[in-house]
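Step one of this worksheet: look at the structure below.
Just so it is clear, none of the values below were taken in a lab; they were calculated from the coordinates. Just so you know, these numbers come straight off a predicted model, no measurement behind them. Using ideal geometry, Cβ is built from the backbone for each residue, glycine included, and neighbour counts are taken over all protein chains shown.
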């Protein structure tokens, strides 16, 4: 069964460094998402992406974040200058279409630790 | 952003017993409610997407109901098995078009005791 994959599974970085999180969505899906979960808190929406541009973003998704679909299969989240509070589990998700009844399929997450 | 709340936060159930838990959400501007099952170190697994008031959906021993007028959904598990141990997340969609993000509750952590 097709699945969303994410790499790496864990990443440790120093405060101020740039990190890029990688996702391979399900191949025939057109909509892509990033979410994060800070330990002990709710899963939070960051950004959605369709047709090679950002569709929606939350207040969390400020100028230090960016997303890109560099080729036909990968979808990346870049954090330019990491802060301690960026430590979280980052989930990528994809959906085939964008309608109300569409399921968003999640990857296993990348756990980011900023020291 | 309007809150999605889940209760209880955690639940211990004996193997073989049935159980249920709740997702509450503001009823205005409702479009869809999603349920996910999430085991540690795995991807959250989509269970249901529910859109209509009175919807009931079933997948094996798991079923869910939806009341959009009063703003709640129940998830039921019949005859709990150890493999049902997981965190169950609900999430609400706040608009009907495009690539909208989901607003999640904090989850109900279910532990099935043999």
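Considering segment B:55-72, and only residues there that are closer than 25 Å to residue A:98 by Cβ and away from chain A (no Cβ under 12 Å), the residue that is nearest to the chain's Cα centre (by Cα) turns out to be B:64. Taking segment B:30-102 as the region of interest, the strands (runs of 3 or more DSSP E) fully inside it that hold 2 or more residues being closer than 23 Å to residue A:9 by Cα are B:32-38, B:45-50, B:86-93.
Using the structure shown, decide if residue B:94 is within 11 Å of chain A (Cβ to nearest Cβ) and in contact (Cβ under 8 Å) with a residue 24 or more places away in the chain. Criteria met by residue B:94. Hand me the list of strands (runs of 3 or more DSSP E) wholly inside segment A:3-115 holding 3 or more residues that are more than 13 Å from every other protein chain (Cβ to nearest Cβ) and touching a strand residue (DSSP E or B) at 6+ places or on another chain (Cβ under 7 Å). Hits in segment A:3-115: A:10-13, A:19-24, A:65-68, A:75-79, A:110-114.
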